[in-house]
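Reading through the structure tokens given below for one structure.
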Amino acid sequence: MEPEAALRRIAFLLERSQAATYRVKAFRTAAGAVGAMGGSEVGERAAHGSLEAVRGIGPKTAQVVREALDGATPRYLERLEDEASGPLVQGGETLLAAIRGDCHLHSDWSDGGSPVAEMGRTAIELGHEWAVLTDHSPRLTVANGLSTERLLRQLSLVAELNERWAPFRLFTGIECDILADGSLDQEAEVLERLDVVVVSVHSKLRMDAPAMTERMLKAVRNPHADVLGHCTGRLLGGKKRPESEFDADRVFAACAEAGTAVEINCRPERLDPPRDLLRKAVSSGALFSIDTDAHAPGQLDWQPYGCARAEECEVPADRVVTAWSAERLLDWTGGAERS
């Protein structure tokens, strides 16, 4: 294994296991530093003991480089691979095997930690046929939401990457804020240009139930809405946040009627919707999108969490859009008409 690849793999496994951000950053930074040097310089520095003199390379990452150059699997990587050898979660294996893509992921254009190319390359390595880039919309300034101008520039980047990556396809998209009145945080003519639109509530999460219900109903019925993201907005664990209150029966029925998929969010701190609401969504006849909401490459491997919950709640596999081909997905969203 090349030293850069070993460092990238370690960062991926750390992200997958929810390790501290600073640990992940150390290995990704080192991978970038190694990549910026020629192979001969890396070898010479390793031989002369000067790797640590390079900005971004510390004792642990330098040891990984030296062991990789010696032709061995770095011990740090070997330990992480051993820890990751078992499944993330029990159940959902059949559905996971059918998954072809992911409708919700972020890059460093908004609040993700890695470039678009790194996220796409990782999706390819995981065996996806397609993925959707859904950075945040403008009003979510805390997440560096994309202005219309920045979003249009991103479309050009995605087009360039797709020329190199075929047959894999990175679809254009957005995670669009559902504003307090139920309108979407981007102009309709801009949304029309995107392949997939995820709509999510990020503000005023404690709105009273009747108002929140009307807000969500308007959003999921919007002709540009394709996926309702993390519908309750809850957070589990240390940053615990309660579920937003709304009439789930009405909202899921509207999703089924409008053809808007209900997201099964795989992030361990979200696992949204909760099981009781997920079962309501199944009864409504709605479609589903099993998404990682990944903000880092290793998080793209979190779909087992959603697949296990989907299987437990008897989500029909033929109603899971992330198990569809790229062509069927575009037919559903109308993106085929824009391609």
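Put +1 on the Cβ of every Lys and Arg and -1 on every Asp and Glu Cβ in the chain; which of A286, G173, G298 then has its Cα farthest towards the positive end of the dipole?
Farthest along the dipole direction, towards plus: G298.
Please work out the FRET efficiency for the pair V142 and D70, using the Cβ-Cβ distance as r and a Förster radius of 45 Å; give the result to the nearest 0.05.
Once the sixth-power term is evaluated, E becomes 0.50.
Return the Rg/Rh value of the stretch 266-327, two decimal places, where both radii are evaluated on C-alpha atoms and Rh is the Kirkwood radius.
Using only Cα positions, Rg/Rh for the stretch 266-327 is 0.97.
Quick check on my link table: of K218/K240; K25/K280; K25/K218; K25/K204, which ones sit more than 30 Å apart, alpha carbon to alpha carbon?
K25/K280; K25/K218; K25/K204
Can you give the local net charge around N144? Use residues other than it whose beta-carbon is closer than 11 angstrom to its beta-carbon, Lys and Arg +1, Asp and Glu -1.
-2
How long are the three semi-axes of the equivalent ellipsoid for the stretch 1-79, computed from the Cα gyration tensor as the root of 5 times each eigenvalue, in whole Å, largest first?
20, 13, 10
Suppose R0 equals 22 Å; then what is the FRET efficiency for D276 and K204 from their Cβ-Cβ distance, rounded to the nearest 0.05?
So, using R0 = 22 Å, E works out to roughly 0.40.
I want to verify the translational diffusion coefficient of the stretch 184-339 in µm²/s; compute it with Stokes-Einstein, Rh as the Kirkwood radius over Cα pairs, at 4 °C and 1.567 mPa s.
Rounded, D is 82 µm²/s.
Under the classification rounded if a/c is under 1.5, otherwise prolate if a/b is larger than b/c and oblate if not, where does the stretch 60-177 fall, given a ≥ b ≥ c as square roots of the Cα gyration tensor eigenvalues?
prolate
What does the charge add up to near E125, with Lys and Arg as +1, Asp and Glu as -1, over the other residues with Cβ less than 12 Å from its Cβ?
+1
Run through the DSSP bridge list for the chain and note the antiparallel percent, rounded to the nearest 5.
Around 10 percent antiparallel, to the nearest 5.
Give me the log10 of I(q) over I(0) for the stretch 115-269 at q = 0.14, 0.15 Å⁻¹, as the Debye formula computes it from C-alpha points; what are the numbers?
Reported log10 I(q)/I(0), two decimals: -0.73, -0.83.
Mind checking the angle between helix 209-220 and the chain's longest principal axis? C-alpha axes, 0 to 90 degrees, to the nearest 10.
70
Among G229, N162, L194, flag the residue with its Cα farthest along the positive direction of the charge dipole of the chain, charges on Cβ as +1 for Lys/Arg and -1 for Asp/Glu.
G229
Near Y22, within a Cβ-to-Cβ distance under 14 Å, what is the net charge of the other residues, with Lys and Arg +1 and Asp and Glu -1?
+3
Could you rank the peptides 237-248, 1-12 by their average count of other C-beta atoms within 10 Å per residue, with the highest value first?
Output ranking for 237-248, 1-12: 1-12, 237-248.
Placing unit charges on C-beta atoms (Lys and Arg positive, Asp and Glu negative, everything else neutral), compute the dipole magnitude of the stretch 181-291 about its Cα centre in debye, rounded to 20.
Dipole of the stretch 181-291, to the nearest 20 debye: 560 debye.
On a 0 to 90° scale, report how tilted helix 275-284 is relative to the longest principal axis of the chain, with both axes built from alpha carbons and the result rounded to the nearest 10.
Once rounded, one gets 50 degrees.
Sorting check: for 309-319, 150-160, which peptide has the highest mean count of neighbouring beta carbons within 10 Å, and how do the rest follow?
In decreasing order of mean packing, 309-319, 150-160 become 309-319, 150-160.
Is it possible to state the helix-based mean residue ellipticity at 222 nm for the chain, with each DSSP H run of 4+ residues giving -39500 (n - 2.57), the sum divided by total residues, to the nearest 500 deg cm²/dmol? What is it?
After summing the helix terms and dividing by the residues of the chain, the value is -13000 deg cm²/dmol.
Quick one: dipole size for the stretch 115-186, taken about the Cα centre, charges +1 on Lys/Arg Cβ and -1 on Asp/Glu Cβ, in debye to the nearest 20.
Result for the stretch 115-186 is approximately 160 debye, rounded to the nearest 20.
Report the Rg/Rh value for the chain, based on alpha-carbon coordinates and the Kirkwood definition of Rh.
My calculation puts Rg/Rh at 1.00.
Just how large is the dipole of the chain about the Cα centre, in debye to the nearest 20, putting +1 at every Lys and Arg Cβ and -1 at every Asp and Glu Cβ?
The calculated dipole for the chain is roughly 820 debye.
Run the accessible area of the stretch 1-85 with a 1.4 Å probe and give the carbon-and-sulfur part as a rounded percent.
For the stretch 1-85, the apolar C and S fraction of the accessible surface comes to 49 percent.
By average Cβ neighbour count within 10 Å, what is the ranking of 117-130, 71-84 from highest down?
117-130, 71-84
Rounding to the nearest 10 and keeping the result within 0 to 90°, find how far the Cα-based axis of helix 248-258 lies from the longest principal axis of the chain.
90
Give the accessible surface of the stretch 77-201 per residue, rounded to a whole number of Å², with probe radius 1.4 Å and ligands, DNA and RNA excluded.
Per-residue accessible area for the stretch 77-201 comes out at 43 Å².
The values are calculated or read from the model by the stated rules, or taken from the named source; none is laboratory data. These numbers were taken from a predicted model, which means no experiment stands behind them. Quick reminder, even Gly has a Cβ in these numbers, built from the backbone with ideal geometry, and neighbours come from all protein chains shown. Only protein heavy atoms, including side chains, enter the accessible area calculation; ligands, DNA and RNA are left aside. Shrake-Rupley method; radii C 1.70, N 1.55, O 1.52, S 1.80 Å.
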